[in-house]
Amino acid sequence: MASHRLIQHIGKKYGLAMSEAVYDRLNEYYFVEGHSLNDKPRLAQVVSATMSDLLDGEYPSPEELLEFLNGNQGRQEIMEALDGLQQLGVHGIPKFIIEGSYMVDGAARSEVFVDIFREIEARGEIKSGPVFGDILGVSEATIANGSHLPRHIPESA
């Protein structure tokens, strides 16, 4: 729960590109390096170091991140998002929800994604935005900025 809250917090404060970069680093930290995501002091160190490598200017210190991790900010939003996933029938990851109606397993063949995106392209518009933006409190401006930006992220992201 702590790492989910932290990713959400970073996305709201620093933008989705930064939260994606931190998420990628935490996947490596957990799945490749074998570290626990429940070790809050170490988690705060790793995230602060990751952000310092990517941001121009100020980034949160390990102490600031640890203070966040030891609090409850964002907990209710994450619980509501988990409830929403259960209601959609999502019980495992990776799972892609496109336009709030298409659900695709992460192991799906590429043709499944291509077919969905070709349908959207032919339609010329997207039916709906992110499913959990409102629940997680992510602003429309943050969503509009997107999440796939260059590796080095300017301070104003």
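The values are calculated or read from the model by the stated rules, or taken from the named source; none is laboratory data. Not measured: the values here are computed from a predicted model. Cβ placement follows ideal geometry from the backbone for every residue including glycine, while neighbour counts extend to all protein chains displayed. Heavy atoms of the whole protein, side chains included, go into the accessibility calculation; ligands, DNA and RNA do not. Shrake-Rupley method; radii C 1.70, N 1.55, O 1.52, S 1.80 Å.
Structure notes:
- Gaussian network model of the chain, Cα within-10 Å springs - most flexible of 124, 137, 15: 124
- If R0 is taken as 25 Å, the Cβ-Cβ distance between residue 128 and residue 72 corresponds to a FRET efficiency of 0.25.
- Inter-site label distance for residue 117 and residue 56 at 7 Å from Cα along Cβ, in nm: 3.0
- When only Cα pairs below 8 angstrom with a gap of at least 6 residues are kept, the chain shows a relative contact order of 35 percent.
- Per-residue extension of 0.36 nm, minus the Cα-Cα distance of residue 141 and residue 31, leaves a gain of 36.4 nm for this segment.
- Working note: Karplus 6.51/-1.76/1.60 with θ = phi - 60° gives segment 50-55 the couplings 4, 5, 5, 6, 9, 9 Hz, where Gly and Pro are set to x.
- Estimated at 0.36 nm per residue, the fully extended path between residue 101 and residue 45 surpasses their Cα-Cα distance by 16.4 nm.
- Between 123, 75, 42, the Gaussian network model of the chain with springs among Cα atoms under 10 angstrom shows the greatest mean-square fluctuation at 123.
- From helices alone, the chain scores -16500 deg cm²/dmol at 222 nm; the rule is -39500 (n - 2.57) for each run of n ≥ 4 DSSP H residues, then divide by the residue total.
- Residues 28, 77 ordered from highest to lowest accessible area at a 1.4 Å probe: 28, 77.
- Highest-fluctuation residue, 108, 21, 49 considered, GNM on the chain with Cα pairs under 10 Å: 108
- Equivalent ellipsoid of the chain: semi-axes from √(5λ) of the C-alpha gyration tensor, largest first, are 28, 18, 16 Å.
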